[in-house]
1. For the range 90-135, name all the residues that are in contact (Cβ under 8 Å) with a residue 60 or more places away in the chain and in a loop (DSSP other than H, G, I, E, B).
2. Kindly indicate which of 21, 27, 57 is closer than 17 Å to residue 69 by Cα, among the charged types (D, E, K, R) and more than 17 Å from the chain's Cα centre (by Cα).
3. If only one of 45, 63, 68, 109 is out of contact with any Asp or Glu (no Cβ under 9 Å at 6 or more places or on another chain), hydroxyl-bearing (Ser, Thr, Tyr) and surrounded by 15 or more Cβ atoms within 10 Å (Cβ to Cβ), which one is it?
4. Please verify whether the range 76-86 includes one or more residues that are out of contact with any Asp or Glu (no Cβ under 6 Å at 6 or more places or on another chain), among the aliphatic types (A, V, I, L, M), assigned to a helix (DSSP H, G or I) and within 19 Å of residue 8 (Cβ to Cβ).
5. For the range 84-99, check the following and say yes or no: at least one residue is among the aliphatic types (A, V, I, L, M) and either at positive phi or modelled with pLDDT of 90 or more (or both).
6. I need the full set of residues from the range 46-61 which are among the small types (Gly, Ala, Ser) and over 14 Å from residue 13 (Cβ atoms), in order please.
7. Identify, please: which residue in the range 19-49 is in contact (Cβ under 8 Å) with a residue 12 or more places away in the chain, in a helix (DSSP H, G or I) and among the hydroxyl-bearing types (Ser, Thr, Tyr) and is, among those, nearest to residue 132 (Cα to Cα)?
Amino acid sequence: MNDKRFIISMHILTLMVKNSEDWLSSEFISGSINVNPVLVRKELSNLNKHGFIQTKEGKNGGSKLSKSPQKILLSEIYSSVYNSQLLGKLLKDPNPKCNIGNKINQNISELTNTIEKVVLKKLETITLFDFSKKF
């Protein structure tokens, strides 16, 4: 995963654990992360779609966790934002006549799958609550 979606989502959800009684606005969240509120709203939408948070519109609206942080595994969060480019994009047109070029994408894909399994196995052992205790 070569973008910041997982990190932004983790920041958002950790803020919600630490402010569990409050409806957090995208402006408040973006101020903590120091990113554009549009990026935060994009991730809030994704987190809502995957059932991690609930949102409420209006003057006193915002977002908060929809389930206990003890029941949210980091692997679930990771899977909700993963963009299938863990090691980067595959080459478009490697030379098929080259013994490296004709197998590079296949071998990189296999390596990516192996790494992905290791990452998920580790993240399956950590809850959002466990992670949030570090703050």
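The values are calculated or read from the model by the stated rules, or taken from the named source; none is laboratory data. Fair warning: this is a prediction, and the values are worked out from it, not measured in the lab. So basically every Cβ, Gly included, is an ideal-geometry build from the backbone, and we count neighbours across all protein chains shown.
1. Taking the range 90-135 as the starting set, the residues that turn out to be in contact (Cβ under 8 Å) with a residue 60 or more places away in the chain are 128-129, 131-132, 135.
Scanning the range 90-135 gives a single hit, 135.
2. Values: 27 fails: closer than 17 Å to residue 69 by Cα; 57 fails: closer than 17 Å to residue 69 by Cα.
When all the criteria are applied, what remains is 21.
3. Values: 45 fails: surrounded by 15 or more Cβ atoms within 10 Å (Cβ to Cβ); 68 fails: surrounded by 15 or more Cβ atoms within 10 Å (Cβ to Cβ); 109 fails: surrounded by 15 or more Cβ atoms within 10 Å (Cβ to Cβ).
After ruling out the rest, the residue left standing is 63.
4. For the range 76-86, residues out of contact with any Asp or Glu (no Cβ under 6 Å at 6 or more places or on another chain), among the aliphatic types (A, V, I, L, M), assigned to a helix (DSSP H, G or I) and within 19 Å of residue 8 (Cβ to Cβ): present.
5. Step one: of the range 84-99, the residues among the aliphatic types (A, V, I, L, M) are 86-87, 90-91.
Subsequent filtering for residues that are either at positive phi or modelled with pLDDT of 90 or more (or both) retains none.
No, that holds for no residue.
6. Hits for the range 46-61 are 58, 61.
7. 32
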